[in-house]
């Protein structure tokens, strides 16, 4: 039997940071590229390519090892990034649905229904937008060029409202969203005008109603909430959760008019009525901050309301709030 010689294959190794330090030092000492390659036991082409690609962009004679290392690390990082949404059909679908104000999560959920045999996830869509198509960020809810962490705003002064029932006493069945008819209410304000939007949202089916009032007063708030919720049957209006804003001071009159129980969030705990807070974030897509609500017509507001109630929701199995309501009514 013939003996097989062990042949050690040549394996290319990237230059290390200490080798870049040596290149910078030897160049300063006047060594040639061939001389530097011999000192490092590297091929001359390796040294030449390193100086050309990672050296100074102005003059080749200036080579700084720290800058070269940063350029090399950045190039390596980019080379390892995966291309998201490789399928052109999925890309076209995502772009179209983004233009219709759908979120990446909604698009990913709906894609399985509309395009049989295809699938993706919301994180891939976000990476596709931020890494490859930053021009599409304008369609995102927040419209940020970079993904940002949420920050905590300092608390505001507590406004005392008499005869409040705090959210701690709200029945657990409401917290678990097992029954319909439990609403949350809040307002959307603008520094450009005294006009305000009143928003109410049902916790389980996510139906959302929006109305404009001329001023943010307790009387206007009471009238708007009663007017919006009176359209529903009694079994669909059982409770409302407010924050501690002074505009909610007439909560007892609202409770008597609608026959509902009123609850209040704890101070600084806006997340306890997270549904309506999320809804306000969606409304801001159409009426961003500094919008003068006095110039917005009731027809425009109703149009936005209809759009929001026809958006598929993940928690509803990607059905729309109106579809859920029509099946339950």
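Can you give me the number of residues within the stretch 289-304 that are over 20 Å from residue 184 (Cα atoms) and in a helix (DSSP H, G or I)?
Let us first name the residues in the stretch 289-304 that are over 20 Å from residue 184 (Cα atoms), namely 289-300, 303.
In the following step, the residues that additionally are in a helix (DSSP H, G or I) were identified as 293-295, 298-300, 303.
Residues in the stretch 289-304 being over 20 Å from residue 184 (Cα atoms) and in a helix (DSSP H, G or I): 7 in total.
Just to check your reading of the model, which residue among 256, 235, 220 is assigned by TED's automatic domain parsing to the domain that holds residue 173, part of a helix (DSSP H, G or I), over 27 Å from the mean Cα position of the chain (by Cα) and crowded, with 19+ Cβ neighbours inside 10 Å? Please lay out each step first, then the result.
Details: 256 fails: crowded, with 19+ Cβ neighbours inside 10 Å; 235 fails: crowded, with 19+ Cβ neighbours inside 10 Å.
Sole residue among the options that is assigned by TED's automatic domain parsing to the domain that holds residue 173, part of a helix (DSSP H, G or I), over 27 Å from the mean Cα position of the chain (by Cα) and crowded, with 19+ Cβ neighbours inside 10 Å: 220.
Report, by residue number, each residue of the stretch 305-329 that is part of a helix (DSSP H, G or I) and farther than 24 Å from residue 114 by Cβ. If you could, list the steps in order and put the result at the bottom.
Pass one, the stretch 305-329, residues part of a helix (DSSP H, G or I): 305-309, 314-316, 321-328.
Listed by number, the residues that qualify are 305, 328.
For the stretch 150-163, indicate whether the set of residues that are more than 15 Å from residue 280 (Cβ to Cβ), surrounded by 18 or more Cβ atoms within 10 Å (Cβ to Cβ) and either modelled with pLDDT of 95 or more or assigned by TED's automatic domain parsing to the domain that holds residue 291 (or both) is non-empty.
The answer is no, given that none of the residues of the stretch 150-163 is more than 15 Å from residue 280 (Cβ to Cβ), surrounded by 18 or more Cβ atoms within 10 Å (Cβ to Cβ) and either modelled with pLDDT of 95 or more or assigned by TED's automatic domain parsing to the domain that holds residue 291 (or both).
Quick check: is even one residue across the stretch 21-36 on the phi > 0 side of the Ramachandran plot and free of Cβ contacts under 8 Å to residues at least 24 places away in the same chain?
Within the stretch 21-36, the subset on the phi > 0 side of the Ramachandran plot is 30.
If we keep only those that are free of Cβ contacts under 8 Å to residues at least 24 places away in the same chain as well, we get 30.
Yes, that holds for at least one residue.
Please indicate, with yes or no, whether at least one residue in the stretch 274-288 is in a loop (DSSP other than H, G, I, E, B) and either in the same structural domain as residue 212 (by TED's automatic domain parsing) or within 24 Å of residue 110 (Cβ to Cβ) (or both). First the steps, then the outcome.
Filtering the stretch 274-288 for residues in a loop (DSSP other than H, G, I, E, B) gives 287-288.
Retained after the next criterion (residues that are either in the same structural domain as residue 212 (by TED's automatic domain parsing) or within 24 Å of residue 110 (Cβ to Cβ) (or both)): 287-288.
Within the stretch 274-288, one or more residues are in a loop (DSSP other than H, G, I, E, B) and either in the same structural domain as residue 212 (by TED's automatic domain parsing) or within 24 Å of residue 110 (Cβ to Cβ) (or both).
Of everything in the stretch 207-217, what is closer than 13 Å to residue 245 by Cα and surrounded by fewer than 17 Cβ atoms within 10 Å (Cβ to Cβ)? Give them in sequence order. Working first, answer last.
Filtering the stretch 207-217 down to residues closer than 13 Å to residue 245 by Cα leaves 216-217.
Selection gives 217 alone.
The values are calculated or read from the model by the stated rules, or taken from the named source; none is laboratory data. It should be emphasised that the depicted structure is a prediction, and the values quoted were computed from it without experimental measurement. Note: ideal-geometry Cβ built from the backbone for every residue, glycine included; neighbour counts use all protein chains shown.
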